[in-house]
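For reference, the structure is listed below as structure tokens.
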Amino acid sequence: MTAVDEEALTSAEADELERAAEAALRPKRLEEFVGQRVVREQLALVLQAARSRGACADHVLLAGPPGLGKTTLAMIIASEMHASLRLTSGPAITHAGDLAAILSSVQEGDVLFIDEIHRLARPAEEMLYLAMEDFRVDVVVGKGAGATSIPLSLPRFTVVGATTRAGLLPAPLRDRFGFTGHMDFYEAADLERVIARSARLLDISLDPAAGREIARRSRGTPRIANRLLRRVRDWAQVRGNGAADEAAARAALEVFEVDPRGLDRLDRSVLHTLCVRFGGGPVGLTSIAMAVGEEPETVETVAEPYLLREGFLVRTPRGRAATALAWDHLGLRPPSAPGTQAQGTLFVDGSGAPPA
């Protein structure tokens, strides 16, 4: 086995361990789910009403940024309804036949979870309309003039769709969901509860101050919070005394390049490029992406949402532009005139603020 093969195998094993760790931390019941109070309360009402009627729950659409618990809620819905869960994703269903094969195996009361449902192929999407509304699909046998449509009845089931881009969902599909839950980024207090629960499950001796530090840098996202918690645990075991205290949390997050505002290497690279190379902008997304060596979609979907939400950059008709907060965070002096393509400079005193 070559060194490259060994590295690939090690990476695959590490990813599998990460996925297994995340799965172990998922809550199994709705009362265990932390945060998203409004969605949790609404969903509890929908599920309780369905159980009292002895019927399937209405189709559920969960919309929001990645890492907020949409897949976890789908699993909880299946658990609360004492139903089997079938998982797939929009990109995996490239033809109507793929969806027909999945639907033909669905049993009464099953929960079908479709992640990234906005990326369904159009033929599959149109088949899903009929399946969700009338619980049947039309299977076409043959081609051309000899093609025959055979209606296939389906048992009643619940579709749970998850999307990070609700605006891309066509109205006919969106309207077929009986309940839509809009998930928001978590407050720091809720993230502290998530981290404390995860620490108990992972048997980590976590100091409350360390939990607050991790929560502060987790970008309002439980998935990131759990990931950072495991990295703090690693640092404490290898370089510390085994206890995940505040000093260990800060040291670990510095090693993994997560700064006190939650910005990672890509975020800072985008801001540095925008400020230093383009004088603060405005500049197009493609130019920024090429300068940082990433795909435009990666910059737009991974880095930009958080930078926008935290006020580090703004979108203008002419492109992206850095705010005063971005210059201050990087310790750079903005150009004297807006839009001037001047190089940013470090403040002389290193304080992150211009001299008086």
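Quick notes on this one:
- Per this entry, Phe113 is not counted among residues that are surrounded by 14 or more Cβ atoms within 10 Å (Cβ to Cβ), at positive phi, modelled with pLDDT of 85 or more and of a type in the set (Phe, Trp, Tyr).
- Taking the conditions (1) without any contact (Cβ under 8 Å) to a residue 40 or more places away in the chain; (2) within 30 Å of Glu125 (Cα to Cα) in turn, Arg174 satisfies each one other than (1).
- Count - residues of the stretch 279-332 that are under 14 Å from Leu266 (Cα atoms), out of contact with any helix residue (DSSP H, G or I) (no Cβ under 8 Å at 6 or more places or on another chain) and not hydrophobic (A, V, I, L, M, F, W, C): 4
- Residue within the stretch 119-131 that is surrounded by 12 or more Cβ atoms within 10 Å (Cβ to Cβ), farther than 30 Å from Thr221 by Cβ and hydroxyl-bearing (Ser, Thr, Tyr) present: yes
- Residue among Ala247, Ala215 that is under 25 Å from Thr72 (Cα atoms) and not assigned by TED's automatic domain parsing to the domain that holds Glu31: Ala215
- Some residue of the stretch 30-50 being small (Gly, Ala, Ser), modelled with pLDDT under 90 and surrounded by fewer than 18 Cβ atoms within 10 Å (Cβ to Cβ): no
- Applying a threshold of 7 Å to beta carbon distances and a minimum spacing of six or more residues, or different chains, the list of pairs starting in the stretch 270-297 at a residue that is in contact (Cβ under 8 Å) with a residue 12 or more places away in the chain and ending at one that is of a type in the set (Gly, Ala, Ser) and part of a loop (DSSP other than H, G, I, E, B) reads Leu274/Gly280; Leu274/Gly281; Cys275/Gly344; Val276/Gly344; Gly279/Ala342.
The values are calculated or read from the model by the stated rules, or taken from the named source; none is laboratory data. Bear in mind the structure is a predicted one, so any value in this text is a computation, not a measurement. Positions of Cβ are generated from backbone atoms using ideal geometry, with glycine treated the same way; all protein chains shown enter the neighbour counts.
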